[in-house]
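A short reminder: the numbers here are calculations on the coordinates, not readings from a lab. Predicted model, so just to flag it, every value in this text is computed and none were measured. Glycine gets a Cβ as well: all are built from the backbone with ideal geometry, and neighbour counts include every protein chain shown.
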Amino acid sequence: MGRVAVVLMNLGGPDRLEAVQPFLFNLFSDPAILRLPAPFRLPLAHIISRRRAPIAREIYRRLGGGSPLVANTEAQARALEAVLGPQYRCFVAMRYWHPTSEATAAEVADWGADQIICLPLYPQFSTTTTASSLAAWRAATAKQGLDRPLRSVCCFHSDNGFVEALAGLIRPVLDLAVDHRRPPRLLLTAHGLPKRIVMSGDPYQNQVETTAASVIAALNRPGLDWTTCYQSRVGPLEWISPSTDSEIRRAGKDETPVVIAPISFVSEHSETLVELDIDYRDLAAVSGVPAYHRVPTVGTEPGFIRSLAALVLRAPAEDRVGSCASGFTPCALSEAAI
């Protein structure tokens, strides 16, 4: 088998405040995000990134001046390396900021990899995340002349290891929340997506709901009050629902404590550390929610890292992943029964 490079993929985030606007431009210039021809998409990406930069800079200022996503992904890479063994080396490639796929492809080539396994760290497949990251990697390796056997993990939305890691983090927080007058409501929150993308056949929402049902089955708490919801909406388009903020307001009206658990993020970053921990906590307080508890992301939880290692070892060939990207058929080897 020789040397195997495992490339952990995520969206990335600006590493300093000056990088916020170029990061946003990279994001909105992606045709998977703004589905317009380049002559329209690129000028619009400039306008959107310039308008959103002040808001985003304030978010990253609250995080100390930059995103922790790369550092957290590096920690996952080192933990995964330790499980996989010496013939594997884990690399990190970010879609919209550094380290880019091109830079990482050069590192993989310098290391002398005999095989490459792409591991997008998006549990649920979407054309806007997994497919976009894999396309960027293929373009980078072609430019680099890095012609090596390639395998990919398409998604792991119902993988038993991932689900059990989520359930293991949720259980103690639910136990803590039962001390209140009313039983808590569990909000399983995921990043939102414009409704028209889902209506075009993108499997993301269906896979999020599968993750949620799998977690509830693993928790095995009859009568648990729970719902799936979606956060991080931007722009004027209609997004999939219900929104996380509307569910928090509903819990306030019901005078019900909230336990909120992110199920589409695997490491801490702005949408957990700011949106969930600060903005939604403040919303809960003004909405009359009697208690607000947040479950951490799976991060480097040993069970989660072991599940990633198992996914890497049984990753299908790229032609099977291609069917996932083009026909929206989840890879069978990434699934487990609920």
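Return the residue satisfying two criteria in turn: it lies in the range 245-279 and is under 15 Å from Val173 (Cβ atoms) and under 21 Å from the mean Cα position of the chain (by Cα), and of such residues it is surrounded by the fewest Cβ atoms within 10 Å (Cβ to Cβ).
The qualifying residue surrounded by the fewest Cβ atoms within 10 Å (Cβ to Cβ) is Asp277.
Does Ser232 satisfy the criteria of being under 30 Å from Ala53 (Cβ atoms), buried (at least 23 other Cβ atoms within 10 Å of the Cβ), under 15 Å from the mean Cα position of the chain (by Cα) and not hydrophobic (A, V, I, L, M, F, W, C)?
Values: under 30 Å from Ala53 (Cβ atoms): yes; buried (at least 23 other Cβ atoms within 10 Å of the Cβ): no; under 15 Å from the mean Cα position of the chain (by Cα): yes; not hydrophobic (A, V, I, L, M, F, W, C): yes.
So Ser232 fails the test.
When you check Arg221 against the structure, is it basic (Lys, Arg) and assigned to a loop (DSSP other than H, G, I, E, B), yes or no? Working first, answer last.
Values: basic (Lys, Arg): yes; assigned to a loop (DSSP other than H, G, I, E, B): yes.
Taking the combined requirement at face value, the residue satisfies it.
Go over the candidates Asp179, Asp175 one by one and state the one that is part of a loop (DSSP other than H, G, I, E, B), surrounded by fewer than 23 Cβ atoms within 10 Å (Cβ to Cβ) and without any contact (Cβ under 8 Å) to a residue 40 or more places away in the chain. Please lay out each step first, then the result.
On the way: Asp175 fails: part of a loop (DSSP other than H, G, I, E, B).
Among Asp179, Asp175, only Asp179 is part of a loop (DSSP other than H, G, I, E, B), surrounded by fewer than 23 Cβ atoms within 10 Å (Cβ to Cβ) and without any contact (Cβ under 8 Å) to a residue 40 or more places away in the chain.
Which pairs do you get when a residue that is touching a residue at least 24 places away in the same chain (Cβ under 8 Å), found in the range 299-315, comes within reach of a residue that is basic (Lys, Arg) and crowded, with 17+ Cβ neighbours inside 10 Å, reach meaning Cβ atoms under 7 angstrom, with the pair 6+ apart or on two chains?
These pairs meet every condition: Ala315/Arg151.
Answer yes if at least one residue in the range 50-57 is touching a Pro at 6+ places or on another chain (Cβ under 7 Å), more than 29 Å from Ala212 (Cα to Cα), of a type in the set (Lys, Arg) and without any contact (Cβ under 8 Å) to a residue 40 or more places away in the chain, and no otherwise.
Within the range 50-57, the first condition is being touching a Pro at 6+ places or on another chain (Cβ under 7 Å), and the residues that meet it are none.
Checking the range 50-57: not a single residue is touching a Pro at 6+ places or on another chain (Cβ under 7 Å), more than 29 Å from Ala212 (Cα to Cα), of a type in the set (Lys, Arg) and without any contact (Cβ under 8 Å) to a residue 40 or more places away in the chain.
From the list Thr127, Thr104, pick out the single residue that is polar (S, T, N, Q) and closer than 17 Å to Leu80 by Cβ.
Going through Thr127, Thr104 in turn, just one is polar (S, T, N, Q) and closer than 17 Å to Leu80 by Cβ: Thr104.
So, in the range 209-268, exactly how many residues are on the phi > 0 side of the Ramachandran plot and of a type in the set (Ser, Thr, Tyr)? Working first, answer last.
Applying the first criterion (on the phi > 0 side of the Ramachandran plot) to the range 209-268 yields 220, 223, 232, 235, 255.
Add one more test, that the residue is of a type in the set (Ser, Thr, Tyr), and what stays is 232.
So the answer is 1.
Scan the range 4-33 residue by residue and report those that are outside any helix (DSSP H, G or I), crowded, with 17+ Cβ neighbours inside 10 Å and not β-branched (Val, Ile, Thr). Outline the logic, then answer.
To start, the set of residues in the range 4-33 that are outside any helix (DSSP H, G or I) comprises 4-16, 29-33.
If we keep only those that are crowded, with 17+ Cβ neighbours inside 10 Å as well, we get 4-15, 29-30, 32-33.
Selection gives Ala5, Leu8, Met9, Asn10, Leu11, Gly12, Gly13, Pro14, Asp15, Ser29, Asp30, Ala32.
Would you pick out the residues in the range 1-24 that are touching a Leu at 6+ places or on another chain (Cβ under 9 Å) and of a type outside the set (Gly, Ala, Ser)? Please lay out each step first, then the result.
Narrowing the range 1-24 to residues touching a Leu at 6+ places or on another chain (Cβ under 9 Å): 4, 6-14.
Once the filter is applied, which keeps residues that are touching a Leu at 6+ places or on another chain (Cβ under 9 Å) and of a type outside the set (Gly, Ala, Ser), the range 1-24 yields Val4, Val6, Val7, Leu8, Met9, Asn10, Leu11, Pro14.
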